[in-house]
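A.B. asks: Have a look at this one before I ask anything.
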Amino acid sequence: MNALISTALSGVLMMFAGLFVKNKQSIKFVAIVALLICFAANLAELCTLQGGSRTLYGMITVSNFSVLFNAVAFGATLLYFMLSGSAFEKVGEHVSDYFALIFFILSGITLAASFSSLLMLFLAIEIISIPQYILAGSDKKSPKSSEAALKYFLMGSFSTGILLMGITLIYGASGSFLISELGIGEGTVSPLALCGVILVAFALSFKVSAAPFHFWTPDVYDGSPSVFTSFMATVVKAGSFIAFIRLFHGAFTGTISKDWQLLLALITAATLIIGNFTAVFQQSVKRMLAYSSIAQAGFMLLSVISFSDFAGKGIILYAAAYSIATIGIFAVLIKMKDYTFDGFNGLAKKEPLVAAVTTICLLSLAGIPLTAGFFAKYYVLTAAVQEGNLFWLVIIAVICAAISVYYYFRVIMAMYFKSGEPGVYEMNGRFKFLLVVTAAIVILLGVFPGLLLQFA
């Protein structure tokens, strides 16, 4: 609850900061301080938890798991502010409003990690989604940005309708919105409840850009300002997955789980195959990362369809590893004048430190050992193996992971083994230091994942 209140108040604070703070760099530091306060308030919640969780008004349940995920989301956002916060002013004049919208998104993410009512789930998804529509279209000088916002808004509106329809059917079958009182997995499965669960699964699959509900993702991520794409593809996606796993592991267990588990297994397979194979043929690094995010969603879905302890730990570690590595790559991408693969030719010769950090982040996304991405994939794959009936899906995931190495290594090959004169905007020493910190975190979690998982 502390996290929810602090992020909402921080969003309001940033709206008023634009009236009184004229220096745009000062606004960034105000946002960083506000985020640190949110981080501290979230951790202070642990002192109030008795028995590992606390339920408020039957609507919100704060637990150790939700506090841990909030800490990961806030930590990744802090890194994002420090690395890419200065790029906000290149998008438009309303820098404080951009920070305010991000704080409101974080407010929705904290609610998604702790809801105990289907109504709270709906509010969480909408609080997360609506600011994103604005951020996607924030570059008023770019037609692609306006197109991205319109596509995202229209597709998001349809998915919201599907989500509401699913919640309505579940309420009709159970007579309650509270997760603890649904009881739809006990005894014979009601066709009404099953239809509701399927619709909710489809709606949440859209939010996490799982196939075949992924068609909006490449255009929206490519058309949106790169600095906001970085946040949308990482922290926001992780927050949507927490809502996914919290709902399906908390409410849709029992006899009904076999029905939706098969459906989500097929969606996972389609997401892995489509995301990886399509990323191979992209000529833009930014668009490749958009399809890569679809493929990464496929791996995160493995934790949704698995019920072992590895699933919960896997989604936490994957959220941290994927978010940190992708934020690092986008921070470099924002500094590039050319987003194509050829634009990275010779970067290792011109900016060896930047190229090295980019390489480490790409290796993590590919799941190479000694990076955080390796153990993230290990945990979600182990969770799927422990289910016993998903070996076929694990095989597909491993093959797709091998395919992903190809398009990630295309960037590394361009930086180190091709000659060229890459167009790069100025990178100061502080930016490069933060990149080194990013790489260090990726390696640290790759060598000692227990540093994070011990709290799970």
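The values are calculated or read from the model by the stated rules, or taken from the named source; none is laboratory data. Predicted, not measured: the structure shown is a model, and the values here were computed from it. Note: ideal-geometry Cβ built from the backbone for every residue, glycine included; neighbour counts use all protein chains shown. The area values use the complete protein model at the heavy-atom level, side chains included, leaving out ligands, DNA and RNA. Shrake-Rupley method; radii C 1.70, N 1.55, O 1.52, S 1.80 Å.
A.B. asks: Got a number for residues in segment 239-260 being within 13 Å of the chain's Cα centre (by Cα) and open to solvent by 10 Å² or more (accessible area, probe 1.4 Å)?
C.D. replies: Initially, segment 239-260 is screened for residues within 13 Å of the chain's Cα centre (by Cα), giving 239-244.
Checking which are open to solvent by 10 Å² or more (accessible area, probe 1.4 Å) leaves us with none.
The number of residues fulfilling the criteria is 0.
A.B. asks: Please tell me if Ala376 is modelled with pLDDT under 95, of a type in the set (A, V, I, L, M, F, W, C) and either assigned to a helix (DSSP H, G or I) or in contact with a Lys or Arg (Cβ under 8 Å, 6 or more places away or on another chain) (or both).
C.D. replies: On the way: modelled with pLDDT under 95: no; of a type in the set (A, V, I, L, M, F, W, C): yes; either assigned to a helix (DSSP H, G or I) or in contact with a Lys or Arg (Cβ under 8 Å, 6 or more places away or on another chain) (or both): yes.
Here the answer is no, as Ala376 does not meet what is asked.
A.B. asks: If you go through segment 264-290, how many residues are closer than 25 Å to Ser230 by Cβ, under 19 Å from the mean Cα position of the chain (by Cα) and not β-branched (Val, Ile, Thr)?
C.D. replies: 9
A.B. asks: Considering only residues that are assigned to a helix (DSSP H, G or I) and either closer than 13 Å to Ile242 by Cβ or modelled with pLDDT under 95 (or both), which ones fall in segment 102-117?
C.D. replies: Filtering segment 102-117 down to residues assigned to a helix (DSSP H, G or I) leaves 102-112.
Of everything in segment 102-117, those that are assigned to a helix (DSSP H, G or I) and either closer than 13 Å to Ile242 by Cβ or modelled with pLDDT under 95 (or both) turn out to be Leu106, Gly108, Ile109, Thr110, Leu111, Ala112.
A.B. asks: Here's a follow-up. For the subset of segment 40-89 comprising residues that are free of Cβ contacts under 8 Å to residues at least 24 places away in the same chain and at positive phi, which member is most open to solvent (accessible area, probe 1.4 Å)?
C.D. replies: Tyr57
A.B. asks: Considering only residues of segment 87-108 that are β-branched (Val, Ile, Thr) and in contact with a Ser or Thr (Cβ under 8 Å, 6 or more places away or on another chain), which is nearest to Met14 (Cα to Cα)? Spell out how you get there, then give the answer.
C.D. replies: Narrowing segment 87-108 to residues β-branched (Val, Ile, Thr): 91, 95, 102, 105.
When the remaining residues are screened for being in contact with a Ser or Thr (Cβ under 8 Å, 6 or more places away or on another chain), the result is 91, 102.
Working: Val91: 17, Ile102: 10 Å.
Filtering segment 87-108 for residues that are β-branched (Val, Ile, Thr) and in contact with a Ser or Thr (Cβ under 8 Å, 6 or more places away or on another chain), the one nearest to Met14 (Cα to Cα) comes out as Ile102.
A.B. asks: Now a separate question. Of all residues in segment 216-238 being of a type in the set (A, V, I, L, M, F, W, C) and more than 14 Å from Ile128 (Cα to Cα), which is surrounded by the fewest Cβ atoms within 10 Å (Cβ to Cβ)? Walk me through how you get there before you give the answer.
C.D. replies: Quick first cut of segment 216-238, residues of a type in the set (A, V, I, L, M, F, W, C) only: 216, 220, 227-228, 231-233, 235-236, 238.
The next check asks that each one be more than 14 Å from Ile128 (Cα to Cα); those that pass are 216, 220, 227.
On the way: Trp216: 17, Val220: 28, Val227: 25.
Within segment 216-238, the match that is surrounded by the fewest Cβ atoms within 10 Å (Cβ to Cβ) is Trp216.
A.B. asks: Moving on. Looking at segment 192-215 only, could you name the residues that are within 14 Å of Thr168 (Cα to Cα) and open to solvent by 10 Å² or more (accessible area, probe 1.4 Å)?
C.D. replies: Leu192, Leu194, Cys195, Ile198, Leu199
A.B. asks: What helices (runs of 4 or more DSSP H) lie completely within segment 23-101 and have 3 or more residues being under 28 Å from Leu182 (Cβ atoms)? Before you say what the answer is, go through the steps one by one.
C.D. replies: Numbers: elements: 24-44, 64-84, 88-91.
Passing ranges, in order: 64-84.
A.B. asks: Next up: I'm trying to understand the selection: among the residues of segment 174-191, which are open to solvent by less than 40 Å² (accessible area, probe 1.4 Å) and part of a helix (DSSP H, G or I)?
C.D. replies: Listed by number, the residues that qualify are Ser174, Ile179.
A.B. asks: Could I ask something else about it? So Val424 clears everything in (1) out of contact with any strand residue (DSSP E or B) (no Cβ under 8 Å at 6 or more places or on another chain); (2) touching a residue at least 12 places away in the same chain (Cβ under 8 Å); (3) under 24 Å from Met288 (Cβ atoms) except one condition, right? Which one?
C.D. replies: The failed condition is (1).
A.B. asks: Residue by residue through segment 319-341, note down the ones that are open to solvent by 20 Å² or more (accessible area, probe 1.4 Å) and touching a Lys or Arg at 6+ places or on another chain (Cβ under 6 Å).
C.D. replies: Matches in segment 319-341: Tyr339 only.
A.B. asks: While we're looking at this one, here's another question. Identify all residues within segment 117-127 that are surrounded by fewer than 23 Cβ atoms within 10 Å (Cβ to Cβ) and either closer than 19 Å to Phe65 by Cα or in contact (Cβ under 8 Å) with a residue 24 or more places away in the chain (or both); write none if there are none. Don't jump to the end; show me each part of the working.
C.D. replies: At the first step, the residues of segment 117-127 found to be surrounded by fewer than 23 Cβ atoms within 10 Å (Cβ to Cβ) are 117, 119-120, 122-123, 126-127.
Residues satisfying the conditions are Ser117, Leu119, Met120, Phe122, Glu126.
A.B. asks: As an exercise: evaluate Leu150 against (1) assigned to a helix (DSSP H, G or I); (2) crowded, with 17+ Cβ neighbours inside 10 Å; (3) among the aliphatic types (A, V, I, L, M) and give the number of the one condition it does not meet.
C.D. replies: Of the numbered conditions (1) assigned to a helix (DSSP H, G or I); (2) crowded, with 17+ Cβ neighbours inside 10 Å; (3) among the aliphatic types (A, V, I, L, M), the odd one out for Leu150 is (2).
A.B. asks: Now a separate question. Hey, does segment 431-445 have a residue that's closer than 27 Å to Leu272 by Cα and either assigned to a loop (DSSP other than H, G, I, E, B) or aromatic (Phe, Trp, Tyr) (or both)?
C.D. replies: Within segment 431-445, none of the residues are closer than 27 Å to Leu272 by Cα and either assigned to a loop (DSSP other than H, G, I, E, B) or aromatic (Phe, Trp, Tyr) (or both).
A.B. asks: What is the residue count in segment 14-25 for residues that are surrounded by 12 or more Cβ atoms within 10 Å (Cβ to Cβ) and either touching a Lys or Arg at 6+ places or on another chain (Cβ under 6 Å) or without any contact (Cβ under 8 Å) to a residue 24 or more places away in the chain (or both)?
C.D. replies: Of the residues in segment 14-25, 0 are surrounded by 12 or more Cβ atoms within 10 Å (Cβ to Cβ) and either touching a Lys or Arg at 6+ places or on another chain (Cβ under 6 Å) or without any contact (Cβ under 8 Å) to a residue 24 or more places away in the chain (or both).
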